[in-house]
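These notes are about the structure you will find just below.
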Amino acid sequence: MGHKKLVLPLIIISQFCCTSLWFAGNAVIEDLIISFKLDFSALGHLTSAVQLGFIFGTLLFAILTITDRFSPSKVFFYSAIIASIFNILIVFDGQNLSNLILFRFLTGFFLAGIYPVGMKIASDYYKAGLGKSLGLLVGALALGTAFPHLLKGSFNDIISWKGMILTTSLLAIIGGVLIRLFVPNGPYRKSLKRFDISVSYKVFRDSKFRSAAFGYFGHMWELYAFWAFIPVLLSAYTKIHPDIKYNIPLLSFVIIAFGGVACVISGYLSQKFHSKGIATASLFLSCTCCLLSPIIFQIHSELILILFLIFWGMVVIADSPLFSTLVAQSANENFKGTALTIVNCIGFTITIFSIQILNNLMVFVNEKYLFLFLAIGPVFGLFFLLRKTKVSSLD
């Protein structure tokens, strides 16, 4: 059953199922605030808790070289089961903000055994066409991230918020079981025989690796803050233009889901063009969207706003699988899993800062100017991508 043609669809389905845990808390944030009498600032805290958990998880996985020493399929399976359990715990009555932050943190911690490990499994099966494979995989991440918003926007009257949380946990269990049963270790897997704590920083000695990694870090400053604050952005627009009303959860799903489509497109484009060039163009376009956002806010047009946000939702993530491809291709075969994991770790550490900065700026800055601050990341990433032209030789 581990036939190569079936492996990629199985990884994609499993990645989609498991990453639905990621923004499950965000999709039901209003219900959590009402049910447990929380402050509105809980949005930023609960989002950051998942990110922080993921950071600690990836850091520990990288330091211990877990993915390179143990079967990635087993790591994925156990992580999915444990993450789903911590996700379920938030539905129990009598929660306070501290409990919810802890459960979201632990869910994020075990997502570290899912997202980068899924990419490691794919890279163990596919050398040629890795960009396309990771494009499909990151597309599944985007859809998984968006899925709780779809549940909230389309089935709010049918499924309670607790039912939505339980649904995402069930999906994660299914995803873990699929990987464990049907995706054995890949033919290109190289196992690291002994524990080596130095691997996590050794990988950065390579200039090609550094350029790809730093481009990814700039991209990450923008991506998760944009995703987390899409509902805030849409609410702010309706305040400026009170006659325009949206189904905010459903539109949030559409914006993030189109990002999944963009990942697939960029993955296929990487078969014909340099991954570095496509990633650079995507990062430049998302930077432009950050800078244009205050102007778009002023335009009284439902259609223009939706088209702009869908476009932004596409270019903000289209470069993600390409950065992962460049990272995987420039890393030593024996350390590939750890290289992907440590880059994820640092990238998601950066998301904490951008999310918290936006969370705090909401008090002082008019919402229409809020997303200008996201441009800092793409500018940083573009600097490193454009400085090292030889990165394109990785393709």
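The values are calculated or read from the model by the stated rules, or taken from the named source; none is laboratory data. Just so we're clear, the structure is a prediction, and the values are computed from it rather than from any experiment. Here the Cβ is made from the backbone with ideal geometry for all residues, glycine too, and neighbour counts use every protein chain on show.
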Test: Asp31 is closer than 27 Å to Ser252 by Cβ, in a loop (DSSP other than H, G, I, E, B) and touching a helix residue (DSSP H, G or I) at 6+ places or on another chain (Cβ under 8 Å): no
Return yes or no: is Asn334 in a helix (DSSP H, G or I) and within 19 Å of the chain's Cα centre (by Cα)? no
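Residue-wise test of (1) in a helix (DSSP H, G or I); (2) without any contact (Cβ under 8 Å) to a residue 60 or more places away in the chain; (3) over 18 Å from the mean Cα position of the chain (by Cα).
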{"residue": "Leu307", "(1), (2), (3)": "yes, yes, yes"}
{"residue": "Pro321", "(1), (2), (3)": "yes, no, no"}
{"residue": "Val327", "(1), (2), (3)": "yes, no, no"}
{"residue": "Phe348", "(1), (2), (3)": "yes, no, no"}
{"residue": "Leu372", "(1), (2), (3)": "yes, no, yes"}
{"residue": "Phe384", "(1), (2), (3)": "yes, no, yes"}
Pairs needed: first member in segment 276-299, over 18 Å from Gly131 (Cβ atoms) and free of Cβ contacts under 8 Å to residues at least 40 places away in the same chain; second member anywhere, hydroxyl-bearing (Ser, Thr, Tyr) and assigned to a helix (DSSP H, G or I); C-beta distance under 9 Å; at least 6 residues apart or different chains. Ile296/Tyr237
Restrict the check to segment 168-179 and report whether at least one residue is within 23 Å of the chain's Cα centre (by Cα) and at pLDDT below 90. no
If you go through segment 211-232 one residue at a time, do you hit one that is among the charged types (D, E, K, R) and in contact with a Gly (Cβ under 8 Å, 6 or more places away or on another chain)? yes
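Can you list the helices (runs of 4 or more DSSP H) lying wholly within segment 53-116 that have 1 or more residues being out of contact with any Gly (no Cβ under 7 Å at 6 or more places or on another chain), touching a residue at least 24 places away in the same chain (Cβ under 8 Å) and among the charged types (D, E, K, R)?
It comes to 66-69, 72-88.
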Could you list all residues from segment 1-54 that are buried (at least 24 other Cβ atoms within 10 Å of the Cβ), in contact with a Phe, Trp or Tyr (Cβ under 7 Å, 6 or more places away or on another chain) and among the β-branched types (Val, Ile, Thr)? Thr19, Val28, Val50
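Would you mind stating whether Ser282 is out of contact with any Leu (no Cβ under 6 Å at 6 or more places or on another chain) and polar (S, T, N, Q)?
Here the answer is yes, as Ser282 does meet what is asked.
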Please indicate, with yes or no, whether at least one residue in segment 371-384 is touching a Leu at 6+ places or on another chain (Cβ under 8 Å) and at pLDDT below 90. no
